[in-house]
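Engineer: Quick one: the structure is below, questions incoming.
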Amino acid sequence: MKISSPPGLRYPFTIQALQKRKDDKVQRSDKLFTYWYEETIKEDDKWGIEQWVTKRWPQQFDASTDGHITRWFIKPGTVVERAGVDLVEIEEPCTHETQFGGLCVDCGEDMTKVDYLTKEQNVSRATVNLTHDNTALLVSHNEAVRAEEDTKKRLLTSKKLTLIVDLDQTVIHTTCERTVAEWQADPENPNYEAVKDVQGFQLADDNIANVAANWYYVKMRPGLKAFFDRMSKLYEMHVYTMATRAYAQAIMKIIDPERKYFGDRILSRDENYTDKLKNLTRLFYQNTAMVVIIDDRADVWQYSPHLVRVPVFNFFLGAGDINAAFLPKQQELVTQSKDKASAAPSVPSKTPLAENGSASPMSVASKLVEPVPADAANGDLNEIGQQLLTMAAGEGVEVLVQQAKEQEKVIIAQQTERPLLQQQLMLDREDAQADDTDTLSAQNSDDDHGEHHKARHSLLNDDDRGLDIIEKHLVRVHRTFYDEYVKAKAVPAGGRIAELKGEKSPKKRQLNDIIPDVAEIMPRIKEEVLEGIVVVFSGIIPLGVDVQMSDYAIWIKSFGAEVATSVNRRTTHVIANPDRKTTKVKQAARYQHIKIVNPEWMFQCCTRWEHVDETSYIIPIDAAERGGSPFGELEDESIGATGDEEAEERAESPVELDLTADTWASVDDELADFLNETDTDEDNNESDSDSVRSDTSTAEEAKHNKRKRKRSTKSADVSEAEESDGSATSVSKLQRRKKRTMERVTSLTNVVTADKSSGLPSPETTGPEEDQGDEEEKALPTNGVAPDMQDDNDDALEAELLAGFGDSDEEA
């Protein structure tokens, strides 16, 4: 141990004499050397006159540790100018490189002891935690580096890598709903085959979560044991979970009862230094080049390049991850197939309630058939309490209590609402309705094939094959790593042969220089999958979310795709919500080369690590909308910066408009014609005085024009221009404009009124109804006046006005 000049001394100082020689033994507080420093002070001489005097002050330097001196860095007369200068090296009998709970593991000395000689606390000598099951065991930097080197050599010798395995929804799925035990006890239940291998366990009440003796039902991912058996030959596997240690240990008794795959390499949230993120440096101090991760969540790993993202294993529909209640919610993938769980209605709880009306915590073990022996219960209260006490640098008991409360809410919700049971009841009702229909059809049929058997569909399916895909990726990464490692080890011939050839022998390279890095291998493999693809999201990412920083965008960019925020000629794919036709989808439809697909295509590409054919994932688009002019390089800059929802969708109308492309085109033409109308007509520019008629003739012409309008509405072959030209000589300008407006064929013939008087139109027809002219007189009144009476009133008013103008001209 080197002892340096500490801060707080008076510098500079000069070494006066060494009190110990090299190889001398020293005890703590022994004098090592003496020194002096000078200081100028003001003092009175013998005559009482003040003057400045320079004085030397002698001091001594004591040993701060036990041991024997191996080297002096100073000698008498040496001037030490500043702090941090090496003075002496003392070899200690114990370096305290391994500590547990503030005590040295080797000598038992208290590392927290502080006195006047303490220059640096001994607890700072060991700050690295490399153990899975305890945060109180710490080692020094040198010890951590040595341990990593040993692990690296051992893995290279056995030709293995390291695999970090998540538990919930990666290799297993857990629920607390007692419906599972009921189905296990009923061989006639349609879900019996899927749940017969489900295993259960209990955790003792830990006085934090108010769920006493709760049963956990665990379903292993299909093929898990065979997957572990094959991967254990290629990887040294570790468990890293956000669940508690008691829960993780119970799961390991199910998936690895013989402890031949994982041993004691289990890291839970009790030993993690945060409840929101996972970090490789928690287990691997410096070198992570040989580490691969499999997890269903990428956000908790901060999208690490070591991650192989696993398809979510969601066997118990609606259960989710019971150990992730305190983690950020993940956005669900929107596909054409609706999730059955989302269709389940919220039902009243059938669990007995406490006197105050709230669901009372209860043990369900006494009411269920036990799926496992009673000795399978685990999770001692004393063990959990000890874990809480040994949380070094943790976040405190308060955080653990909050986590337990969040998990308690999820567990109680599953116990009381029983989503699995409610979803199965819905399926049974659908089956019963279908059975009644089939029975009725069979009775009406002439052929009778015997008794009709009722069929029940199962809610749960045991057909997941996610591990097959993951195994292929892991084998590929392992093979690529060791292929590159073998190539890097190959060096030119050296030694005596090189010397005879007059060449220099190549220097032996360090092991770290020839070991490939998984963080470079995996991105290189994945970026080839969607290289050259430019995608635009539409109707997928919520408003207010930065598209480029969203989970889906980061995921697909890791496979080489480019994410844009607007549709243009460079766009190759639009990933859209199949239930919504957005502006971006309409715009992309005008480009023949753009493939409009649902998010399942992205999911398959990123899961299988290959460019999947888009045919099965294409969103149907009307042929009329395909092709046409995209109006050049249309780039809606208002769309894409934050969120990908179009402006026209931000305020949704409560009235649903179901218009085809042709109907929209006719509406646009109608609006353009209306806006382009002028108050003058080039061919028929008549003055108001020429259009003055008598009251009788004007009224007759008005009635004639009204009948003519009715006939023209029935005729689809007469154009608007011809009608206007034919009546220009006999009617006024006001009548002509009104006539054109009334005769115009509109797509907005029928109007529905939104709730709470929104006033938004919703067309139900795309053109004039058949026999519209014949039925016009039967139309409902508008504003209290029938349409024909309204026309007569308008004509009579116009005639009166014209007659008034005529009388005024005669009087003049």
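Engineer: Given the protein chains as shown and a 1.4 Å probe, how many square angstrom of residue 107 are accessible, to the nearest 10?
Structural biologist: We get 70 Å² for residue 107.
Engineer: If you don't mind, there's one more thing I want to ask. If you count only protein heavy atoms and use a 1.4 Å probe, how large is the accessible surface of residue 118, to the nearest 10 Å²?
Structural biologist: Residue 118 has an accessible surface of roughly 40 Å² with all protein chains in place.
Engineer: Give me the Kirkwood hydrodynamic radius of segment 107-194 in Å, from all C-alpha pairs, to one decimal place?
Structural biologist: 18.8 Å
Engineer: Still on this structure, please answer the following. Given a 1.4 Å probe and the protein chains all in place, what does the accessible area of residue 595 round to, in Å² to the nearest 10?
Structural biologist: Only protein atoms counted, so the area is about 80 Å².
Engineer: Given R₀ = 30 Å, FRET efficiency for residue 60-residue 98 by Cβ-Cβ distance, to 0.05?
Structural biologist: Efficiency at R0 = 30 Å is approximately 0.35.
Engineer: Next question, about the same structure. Treat each spin label as a single point 7 Å out from the Cα along the C-beta direction, and report the residue 487 to residue 86 distance in nm.
Structural biologist: If labels sit at residue 487 and residue 86, their model points lie 4.3 nm apart.
Engineer: Please give the contour-minus-distance gain from residue 626 to residue 36: 0.36 nm per residue of separation, less the Cα-Cα distance, rounded to one decimal in nm.
Structural biologist: Result: 203.1 nm gained on full extension.
Engineer: While we're looking at this one, here's another question. Calculate the dipole size of segment 1-63 relative to its Cα centre from +1 charges on Lys and Arg beta carbons and -1 charges on Asp and Glu beta carbons; express the result in debye to the nearest 20.
Structural biologist: In total the dipole reaches around 460 debye.
Engineer: Something else: What accessible area per residue comes out for segment 31-174, rounded to a whole number of Å², with a 1.4 Å probe?
Structural biologist: 54 Å²
Engineer: Turning to a different aspect of this structure: State the answer as a single residue: which of 138, 118, 105 lies farthest towards the positive end of the charge dipole of segment 95-160, with beta carbon charges of +1 for Lys and Arg and -1 for Asp and Glu, about the Cα centre.
Structural biologist: Result: 138, furthest along the dipole toward the positive end.
Engineer: Shifting gears a bit: Would you kindly calculate the translational diffusion coefficient of segment 230-282, applying Stokes-Einstein with the Kirkwood radius from alpha carbon pairs, for 37 °C and a viscosity of 0.692 mPa s, and quote it in µm² s⁻¹ without decimals?
Structural biologist: Once the numbers are plugged in, D ends up at 277 µm²/s.
Engineer: Ignoring ligands, DNA and RNA, how do 277, 459 rank by accessible area with a 1.4 Å probe, largest first?
Structural biologist: Largest to smallest exposure gives the sequence 277, 459.
Engineer: On the protein heavy atoms, probe 1.4 angstrom, tell me the percent of accessible surface of segment 154-249 carried by carbon and sulfur.
Structural biologist: The C+S portion of the solvent-accessible surface of segment 154-249 is 47 percent.
Engineer: Return the whole-Å distance between the Cα centroid of segment 571-617 and the Cα centroid of segment 73-125.
Structural biologist: 64 Å
Engineer: Report the Cα-based extents of segment 1-127 along its three principal axes, largest first, to the nearest Å.
Structural biologist: Principal extents (Cα only, largest first): 65, 29, 21 Å.
Engineer: If you don't mind, another one. In nm, give the distance between the simple-model label positions of residue 562 and residue 462, each being 7 Å from the Cα along the Cα-to-Cβ direction.
Structural biologist: Distance between the two pseudo-spin positions: 4.9 nm.
Engineer: What is segment 277-324's relative contact order, in percent, from Cα pairs under 8 angstrom and six or more apart in sequence?
Structural biologist: Relative contact order for segment 277-324 comes out at 30 percent.
Engineer: Continuing with this model, one more query. How much accessible area per residue does segment 507-590 have, counting only protein heavy atoms and a probe of 1.4 Å, in square angstrom?
Structural biologist: Spelled out: the 1.4 Å probe surface of segment 507-590, per residue, equals 43 Å².
Engineer: So how do 579-589, 68-78, 45-55 stack up, highest first, on mean other-Cβ count within 10 Å?
Structural biologist: Order by mean packing, descending: 579-589, 68-78, 45-55.
Engineer: Here's another thing I want to ask about it. Using the crude model of +1 on Lys and Arg Cβ and -1 on Asp and Glu Cβ, and no other charge, please compute the dipole size for segment 123-217 relative to its Cα centre, in debye to 20.
Structural biologist: In total the dipole reaches around 860 debye.
Engineer: Say each of residue 29 and residue 229 gets a label point 7 Å from the Cα, pointing the same way as Cα to Cβ; how far apart are those two points in nm?
Structural biologist: 6.7 nm
The values are calculated or read from the model by the stated rules, or taken from the named source; none is laboratory data. Note that the structure is a prediction, hence the values are computed from the model and not measured. Reconstructed Cβ throughout: ideal geometry from the backbone, glycine too, with neighbour counts over all protein chains shown. Note: areas computed on protein heavy atoms with side chains; ligands, DNA, RNA excluded. Shrake-Rupley method; radii C 1.70, N 1.55, O 1.52, S 1.80 Å.
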